[in-house]
Each structure stands twice: as structure tokens, then as C-alpha cells.
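For reference, the structure discussed in these notes is given below.
The values are calculated or read from the model by the stated rules, or taken from the named source; none is laboratory data. Computed from a predicted structure; not experimentally measured. Here the Cβ is made from the backbone with ideal geometry for all residues, glycine too, and neighbour counts use every protein chain on show.
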Amino acid sequence: MRPFLVTEPEARRLPRLALIALILLYVLPGFVGRDPWRPADAIGFGIAHAMFSGSARQWLLPEVAGSPVTDAAPLAYWFAAGVARLLEFLSAGSINAAAGIRTAAAAWLIGGLLLLRSATEGLARRAEAQPLDPFGAGASPLNYGRAIGDAALLIALATFGLVARVHETTADAAMLTVTAAFAFGLMRSCDRARSGGVIVGASIAAAALVRSPAVALAFALAFLIAISGVRALRLNVRTLVPTTILSTLIVGLPWPIALSLDGSAQSQLQLLGWVATPIGPASLGAQLSWATRTLPWFFWPSWPLAARTLWFSRQRWADAPVGIPMALLLGLLIGSFAVTLLAGRASETTLIPLAVPLAMLAAIGLPTLARSLTRLIDWFTVAVFSLFGLGVWGWWLAGLTGWPAKPAAQSLRFAAGFPGFGIGQTPTFGSTFGPAVFVGVIASVGWLALVRWRLSRQPPVLWRPVVLAGAGMTLAWFLLMTLWMPIFNWRNTYRDVSLELAAAVKSTTPADSNACIAERGLDLAQRASFSWFGNLRFDQAAPACGRLLVVDRRGQLQPEPEEAWVLVWEGRRRADRNERFRLYRRDP
């Protein structure tokens with residue numbers, strides 16, 4: 001890496017209030033004011049809710065409303081159910097399970113961002129990361145590390161592909177946190193092998209318990225690359241390796257041992273589904289094509305900065321500040337590619353952990369950016385996110401006013417049927433859009449003030465090139481999750497159809513009869529939603545059930561049941577014409 005000097009003013013950390021505000025504005029809008037959404041969000045919620053409302057059996061064997069989920073790892077949902085129970089107890093029942101489960105997901109996300117910042121700060125404070133200081137006028141290692149850590153957090157906030165994935169009640173936010181904890185453990189292992197090894201081993205085990213043993217193997221590969229390539233870790237290998245192995249076994253083995261000792265067929269299926277990587281018709285060309293299309297936008301803007309850091313630091317790959325995130329990146333890349341190839345299908349979920357080492361590498365290389373490149377990043381960021389914010393406001397206002405015509409038509413088509421939105425309707429500002437408009441205006445004014453401050457004053461700080469990117473993505477997400485949240489929620493929830501189905505079941509079920517419902521074609525997201533909103537119980541194989549729910553999908557119509565069944569209700573989600581629900585009563 002080329003020599004560089006960082007002065008004390010350039011190493012100022014991001015103001016703490018601004019950092020806290022950015023994190024909260026990024027995290028909270030995705031979790032507040034919405035129902036479980038289909039499909040993955042509702043499935044994750046359903047697993048956590050089954051644990052919350054069930055017994056120890058549901059904690060051992062993840063399920064969704066009585067239907068086993070044999071390929072689910074439990075750790076993220078254990079935490080969600082535990083937090084939900086704790087909040088329900090502390091609030092005397094005023095905080096329901098849905099709010100508690102979303103709170104747990106938000107806690108995972110906040111923890112992951114803070115761990116990422118701490119891991120990057122620790123690496124940047126090391127002696128081999130310090131900038132050139134021939135005259136003793138440079139920044140202190142403490143302040144330099146804090147500034148680089150702030151930059152890594154801003155880059156993570158700006159990463160395009162993360163924002164939607166980590167705001168679901170799935171294991172994705174937990175996977176981000178586990179990856180950041182693994183990086184933090186490697187950083188700590190450079191000087192404190194025992195405590196660092198405990199964190200590294202626990203993170204490897206947690207990766208298996210959050211996702212699968214295949215992901216844990218990718219972490220283990222990253223660990224092997226790190227201890228073989230990073231000088232600071234090689235010095236502590238005799239203490240680090242046994243500590244890591246012991247910690248991995250202690251944290252990772254209890255759940256699979258409990259499954260194997262349970263002896264039931266469901267436990268064995270759960271163990272098999274958790275251990276085995278799904279094998280599918282692998283196509284190397286298809287996977288490479290998907291990666292070529294997806295990776296550039298998913299990891300923007302971190303990957304160009306990370307690639308630049310690796311190139312300009314190619315003679316320092318054995319140093320911990322570059323070697324540790326590079327080892328993590330290599331191990332996760334190889335593991336993700338292998339799992340994707342074996343599974344025969346590509347998924348953005350496998351990319352989540354890669355955001356951590358990319359953000360770390362991008363932040364480590366920021367001090368060497370040329371001023372011309374910094375200005376280019378600034379203007380690009382201002383243009384992209386300002387236009388995006390204008391688009392969010394413009395399409396929303398066009399849907400209400402009918403002008404301009406083309407955006408108005410697109411907005412109305414997207415929100416077709418939503419009450420209080422559209423030309424000639426009275427917008428429900430008091431209860432639906434009013435608070436969103438208020439906070440949206442404040443956020444937009446704040447963005448304009450930040451742009452003016454950044455472009456007019458040119459503050460000489462390390463995190464200057466990425467502050468607009470992090471704040472811009474936060475603004476974009478905030479506007480989407482406030483102005484458009486009622487419409488997004490209406491399009492993706494099963495609340496209304498669940499309540500209609502529950503009312504139909506209640507009105508056609510005698511008080512002394514079996515209230516269970518047989519089903520055909522019901523998927524896990526629908527099962528979770530109907531269980532939560534309608535308190536309905538389904539049983540695929542119960543011949544004694546007096547009700548039958550049939551789910552039709554476009555191109556996949558279910559056959560009519562036998563003559564003994566009488567159609568009593570038919571419904572669908574108003575925002576989805578591709579599926580239909582039919583409820584039948586058994587004719588006595």
C-alpha cells in the first residue's frame with residue numbers, strides 16, 4: 001500500500017449522536033408497523049412463534065403451526081422466542097409475540113453492525129495498520145481505529161443487497177451478527193488467543209446453529225486460511241487452535257446430541273435435514289451467470305473499494321488488518337460457491353456473510369483514496385440517492401394526484417385496491433399516511449442538510465467518502481418503509497384473508513365438534529399467517545377434521561374434494577390474484 005499520512009483532525013470519529021441516529025433510522029423502519037410478510041419473513045416468524053407458544057418439544061424441533069421444518073437451524077429462533085417471552089413478561093402482556101420477535105431481529109441487526117465496527121476498529125488500531133508519521137504529527141492509533149471502524153459501519157449501511165434481507169424475521173440478520181463476531185474473534189486472537197479462540201469457536205458453532213454445518217465448514221476454512229497466512233495469528237496458534245476447537249464443540253454439540261438421543265422419527269429427519277446439504281442438478285454455467293448478475297449490485301459500493309484495498313495492499317496480506325478480512329472473504333466465497341453448486345440453486349441468503357469482510361477491507365483502504373476519486377464517489381452518491389428519494393416521493397404523490405400520468409398509473413397499479421390511496425379518494429392521512437409524511441419530510445430535509453454540509457465544507461475526515469453513501473441508503477430505506485409501508489404491508493400480509501377464514505370456520509363449526517382443519521396445498525408462510533392472525537389449527541392427515549381448506553395457485557389447481565364436502569367459503573388476498581382459498585365443510 002502506498003505511504004499515507006493521517007492527521008488528528010482527519011481521524012475524528014463520527015459524532016456519537018449521528019451514529020446512533022443513523023443506526024436507528026436504518027434498523028427500526030423495517031420492523032415497525034407491519035405484519036409478517038410472505039414468504040420467508042412469515043416462515044421465520046412462524047418458527048419463532050411456535051417456540052414462543054409451545055413447549056420444550058418445539059424448541060428442540062422447529063416447526064410452523066404443527067408442520068415440521070426439517071431443514072431449519074434453531075439458534076436465531078431460540079433468541080427470538082426468548083426475547084418475545086421476556087418482553088411479554090416485563091410488559092405484563094402488553095407486548096405481543098409479533099413485536100417481541102421483530103425486536104429480536106432488530107437486536108441481531110444492531111449487534112451485527114456494532115460488532116463489525118468493533119472488529120474493524122481493532123484491526124485498524126494495530127501497529128501494522130498505522131499510517132506513515134515521520135514528524136510525529138499523525139493521529140493516535142485509538143482515534144485512527146475509531147474513524148476506520150465508523151467507516152466500515154457506514155459502508156455496511158450503504159450495501160445495496162443487505163437492506164431488505166436483514167429486515168426480515170429470518171436467520172439473515174443473525175448470520176450477519178455471527179460473521180461479525182467471527183471477525184471480531186480473529187482480531188482479538190492476535191493478542192489474546194484464549195478469549196479470541198473462545199469467540200471464534202463459538203461463532204463457528206453458531207454459524208451451524210443459525211444456518212447449517214456447511215456454513216460452519218466455510219467459517220472453519222476461513223479460520224485455517226487465517227492462521228496459516230496471518231503472522232499475528234501464527235504466533236498464537238498453539239493456544240488458539242485447541243481453544244477454538246473446544247469452544248466449537250461445547251457450543252455446537254448439545255442440540256444435535258439432543259436430537260440424536262430423542263430417537264423419534266421427526267428428530268432423525270430434523271438431524272438429517274440440518275446436516276445434509278441439499279443436492280440438486282448443479283450447473284456451473286448457471287451459477288456463474290447468476291453470480292455475474294447479482295454480485296456487482298448486491299455488494300455495491302463495498303466491493304470496488306475492497307478490491308482496490310487488496311490490490312494496493314498485496315505486499316501486506318500477511319498483516320492482520322488486511323489478512324484477516326481477506327481470509328474470511330476467501331473462506332466464505334469458497335464455501336458459498338460450494339453450497340450453491342451442490343444445492344443446484346442460487347440464493348441471496350448465502351451472500352449475507354460476505355458483506356462483513358468486504359466492508360472491513362473497503363474501510364481499511366479509505367485513507368489512500370485520491371481526492372479525485374473521493375469527489376467522484378460523492379457526486380455519484382448524491383445523484384443516485386437524491387434521485388431515488390425524489391422517485392419515492394414522486395411516485396407516491398403521483399398516485400394521490402394523478403400527475404404525472406405515467407408514474408401515477410404505475411403507482412395505482414401497484415396499490416390497486418388499497419383504501420385511501422388513489423385519484424379521487426380521500427387519503428387516510430390521520431391514521432395511515434400522516435405520521436409517514438411528517439417523518440419523511442424531516443428525513444428528506446436532513447439529507448439535504450447533510451449534502452450541503454459535505455459538499456460545501458469538505459471536512460477532512462477519513463469517513464468522508466462513505467458518509468453520504470451510508471446516509472443515502474438509510475434515507476432511501478426510511479422513505480420506502482414510511483411512505484409506502486401501509487401499501488407494502490397490505491400487499492404482503494395474510495391478515496385480512498386470515499380473519500375472513502377464521503370467521504367462516506367459526507360460523508360453520510358446531511361448538512361440540514372437532515375444530516381442526518384438513519388442508520391441501522397450504523405452504524409454510526400461509527400456515528404461519530393463518531395460525532397467528534386467525535388462531536387456526538391445520539392437520540394434513542386427520543380424517544376426523546370437519547373442515548377442509550384447499551389452496552389453488554395459478555397453473556396448479558387442486559381437484560374438487562369428494563361429494564361429502566360442501567363449499568362454504570371462498571376468498572383470496574386482494575393484492576394477489578394468483579392464489580385462491582376454498583373452505584369446505586364435511587356434510588354429515
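A residue that is touching a Pro at 6+ places or on another chain (Cβ under 9 Å), surrounded by 24 or more Cβ atoms within 10 Å (Cβ to Cβ) and modelled with pLDDT of 95 or more cannot be found anywhere in the stretch 82-89.
The residues of the stretch 568-588 that are of a type in the set (Lys, Arg) and not in a loop (DSSP other than H, G, I, E, B), listed by number, are Arg580, Arg582, Arg585, Arg586. Residues in the stretch 282-298: is at least one modelled with pLDDT of 95 or more and surrounded by 14 or more Cβ atoms within 10 Å (Cβ to Cβ)? The answer is yes, given that some residue of the stretch 282-298 is modelled with pLDDT of 95 or more and surrounded by 14 or more Cβ atoms within 10 Å (Cβ to Cβ).
Residue pairs, Cβ under 7 Å, 6 or more apart or interchain, first in the stretch 17-35 and of a type in the set (D, E, K, R), second crowded, with 19+ Cβ neighbours inside 10 Å and outside any helix (DSSP H, G or I). List them. Pairs that qualify, where the first residue is of a type in the set (D, E, K, R) and the partner is crowded, with 19+ Cβ neighbours inside 10 Å and outside any helix (DSSP H, G or I), are Asp35/Thr493.
Applying the selection to the stretch 282-322, what residues are touching a Lys or Arg at 6+ places or on another chain (Cβ under 8 Å) and not in a loop (DSSP other than H, G, I, E, B)? Let's see the steps before the verdict.
Looking only at the stretch 282-322, we keep the residues that are touching a Lys or Arg at 6+ places or on another chain (Cβ under 8 Å), and these are 312, 318-322.
Scanning the stretch 282-322 gives Phe312, Ala320, Pro321, Val322.
Residues being within 30 Å of Ala65 (Cα to Cα), of a type outside the set (A, V, I, L, M) and in contact with a helix residue (DSSP H, G or I) (Cβ under 8 Å, 6 or more places away or on another chain) are represented in the stretch 496-510 by at least one member. Annotation note: of Leu361, Leu351, the sole residue that is within 19 Å of Val6 (Cβ to Cβ), out of contact with any Asp or Glu (no Cβ under 8 Å at 6 or more places or on another chain), crowded, with 19+ Cβ neighbours inside 10 Å and modelled with pLDDT of 85 or more is Leu361.
For the structure I just gave you, tell me whether Gly82 is more than 20 Å from Val275 (Cα to Cα), assigned by TED's automatic domain parsing to the domain that holds Ser203 and under 23 Å from the mean Cα position of the chain (by Cα). Break it down stepwise before answering.
Numbers: more than 20 Å from Val275 (Cα to Cα): yes; assigned by TED's automatic domain parsing to the domain that holds Ser203: yes; under 23 Å from the mean Cα position of the chain (by Cα): yes.
So Gly82 passes the test.
Looking at the stretch 417-438, can you tell me whether even one residue there is under 30 Å from Val6 (Cα atoms), at pLDDT below 90 and either in contact with a helix residue (DSSP H, G or I) (Cβ under 7 Å, 6 or more places away or on another chain) or buried (at least 19 other Cβ atoms within 10 Å of the Cβ) (or both)? The answer is no; no qualifying residue exists.
A quick yes/no check of all residues on (1) touching a residue at least 24 places away in the same chain (Cβ under 8 Å); (2) within 21 Å of the chain's Cα centre (by Cα); (3) more than 20 Å from Ser302 (Cβ to Cβ):
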| site | (1), (2), (3) |
| --- | --- |
| Ala370 | no, no, no |
| Ile377 | yes, no, no |
| Trp395 | no, no, yes |
| Gly402 | no, no, yes |
